[in-house]
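For reference, the structure is listed below as structure tokens.
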Amino acid sequence: MSDELFREVDEEVRQDRYQDLVKRYGTYVVGAVVLIVGATIAFVVWRDSQESARMADSERFLTAVVEEQTSSEAALDQLREIAKDGTAGYRYLASLREASLLAEAGKTADAVAVFDALAADEAYSTTYRDMAKIFAVANGMDLMSRDEVRNRMEPLNTPENPFRFTAREFLAVAAIGVGDANGAREMLRSIVEDQGTPLATRARASEFLALIGN
């Protein structure tokens with residue numbers, strides 16, 4: 001009886017430790033995703049705007065961003081207008097900003113829906129759509145089961161996909177969230193062993209591997 005009780009207590013402690021690790025590591029992953037993917041999107045939109053010289057949409061977008069400081073609802077309305085009739089790059093960027101504002105307001109499900117709409121829009125290239133998939137999980141992971149995270153991220157976990165490292169990080173976090181340390185180790189090792197992994201991502205994965213045990 002005492003042995004069984006000790007096993008139950010040990011399992012509860014282990015689960016609490018896993019949840020703490022998820023919170024810590026997940027925060028790092030989401031932050032890194034927002035910075036890296038956000039910088040990529042900003043560059044692509046800047047390049048496109050320079051090539052097309054469509055400064056009107058640039059001004060509309062900046063106006064909406066400034067409007068955020070006084071009225072988020074007014075900003076959302078402006079962003080939705082750009083997303084509806086703007087040029088391709090700014091339609092995409094406006095939708096991303098709309099989703100971000102919704103997430104900041106605690107409307108996570110609505111934010112994920114906007115990201116999902118972008119991910120499903122075949123008017124955009126695969127790269128743009130995959131970015132939206134990453135943002136959907138980055139912002140909505142707390143609402144998603146492990147299976148949902150898998151369904152969203154596994155298609156990106158291919159040798160040729162540039163977002164495979166981020167996808168694997170999210171898959172590792174989802175595994176730890178349900179106490180599957182072996183599944184997390186598998187994902188983290190694949191990050192560490194991949195020659196194309198960015199140094200910061202490899203460092204995060206190595207650190208987390210050390211925490212849960214290699």
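Taking the range 184-214 on its own, how many of its residues are crowded, with 18+ Cβ neighbours inside 10 Å and touching a residue at least 60 places away in the same chain (Cβ under 8 Å)? The qualifying residues number 4. Of a type in the set (A, V, I, L, M) and under 12 Å from the mean Cα position of the chain (by Cα) - does that describe any residue in the range 116-130? Within the range 116-130, not a single residue is of a type in the set (A, V, I, L, M) and under 12 Å from the mean Cα position of the chain (by Cα).
Taking residues in the range 168-183 that are touching a residue at least 40 places away in the same chain (Cβ under 8 Å) and assigned to a loop (DSSP other than H, G, I, E, B), and partners anywhere that are surrounded by fewer than 24 Cβ atoms within 10 Å (Cβ to Cβ) and among the polar types (S, T, N, Q), the pairs with Cβ atoms closer than 8 Å and at least 6 places apart or on different chains are G179/Q15.
Say we look at the range 190-202 and pick out the residues that are hydrophobic (A, V, I, L, M, F, W, C) and at pLDDT 90 or above; which of these is nearest to F170 (Cα to Cα)? Ranking the candidates gives I191 first. The number of residues in the range 167-193 that are acidic (D, E) and closer than 20 Å to A138 by Cβ comes to 1.
The values are calculated or read from the model by the stated rules, or taken from the named source; none is laboratory data. Since the structure is predicted, the reported quantities are computational estimates derived from the model, not experimental observations. Positions of Cβ are generated from backbone atoms using ideal geometry, with glycine treated the same way; all protein chains shown enter the neighbour counts.
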